[in-house]
Amino acid sequence: MAWSGVKRRVFISYFNRDKDEVEKFINYYGESLGIFTWYAVGINDNDIINSTNTDYIMNIIRKDYLKDSTVTIVMMGSCTHSRRFIDWEIKSSLRQGDYTPNGLMGIVLPSQNNSALLPPRFELNWNSSNNNAYARYYRYPYTADELGVWIDDAYFARSSRNHLINNPQEMMRYSSVCKVHGVTH
């Protein structure tokens, strides 16, 4: 299967400790090669959502960052699985009803040697065979075409696999202990 060549609007979800690797990914695949148009929270200092109000934060994520995106890529680092904001971004991405959900995929950052623990809500939507599940999970891409194919797959899942979405109402109230480092960041 070849990449369609269509530049999709992608929301990048990541833990801020992985910012350097995420910026390299965005700069190379998003900016230099033009595979996607990107949106993210926290890349620029002025887009941090400074609030403790959960409803307000979820509304801002939906309205300002996810509204125009069609695919969410979760960049998997060593502690991504333990972060509440990652859970909230995935939850917003999977919303249904008045919205078409975003396609959902995960990419393991290079520092993780092709393996990372998955955020619980992502894991509810994935299985190891990448079959009969809404989300897909990949190692870091080797080529632009490869990444484009993955993004296309997530985009088309919005209509072809949306019946497989598992998006419980409960949200992580706090970040949990990172299972790799044994601390809450």
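Over all pairs of distinct alpha carbons, what does the Kirkwood formula give as the hydrodynamic radius of the chain, in Å?
For the chain, the Kirkwood estimate is 16.4 Å.
GNM, the chain, Cα, under 10 Å: largest mean-square fluctuation among Ala157, Ala135, Ala144?
Ala144
Arranged by the count of other C-beta atoms within 10 angstrom, fewest first, what order do Cys178, Cys79 take?
The order, fewest Cβ neighbours first, is Cys178, Cys79.
Just Thr100, Thr143, Thr72 to compare: in a GNM of the chain, with alpha carbon springs under 10 Å, which one fluctuates most?
Ranking Thr100, Thr143, Thr72 by mean-square fluctuation puts Thr143 first.
Which of Leu118, Leu66 has the fewest other C-beta atoms within 10 Å, and how do the rest follow up to the most? Please report the intermediate quantities before stating the final value.
Values: Leu118 18, Leu66 23.
If I rank by nearby Cβ atoms, fewest first, I get Leu118, Leu66.
About the Cα centre of region 8-164, how large is the charge dipole given +1 on each Lys and Arg Cβ and -1 on each Asp and Glu Cβ? Please answer in debye to the nearest 20. Spell out each step's value before the answer.
Values: 17 positive and 18 negative charges, 86 e Å.
Magnitude of the dipole: close to 420 debye.
Once amide H atoms are placed 1.01 Å from N in the peptide plane, what residues at a sequence separation of 5 or more from Tyr138, or on another chain, have their amide H within under 5 Å of its amide H?
Gly106, Ile107, Val108
For the chain, what does the helix formula give at 222 nm: sum of -39500 (n - 2.57) over DSSP H segments with n ≥ 4, over the residue count, nearest 500 deg cm²/dmol?
Result for the chain: -7000 deg cm²/dmol, rounded to the nearest 500.
Of His81, His185, how do they rank once you tally other Cβ atoms within 10 Å and put the fewest first?
Fewest-to-most Cβ neighbours within 10 Å comes out as His185, His81.
A short reminder: the numbers here are calculations on the coordinates, not readings from a lab. Note that this is a predicted model, so its numbers are computed, not measured. Here the Cβ is made from the backbone with ideal geometry for all residues, glycine too, and neighbour counts use every protein chain on show.
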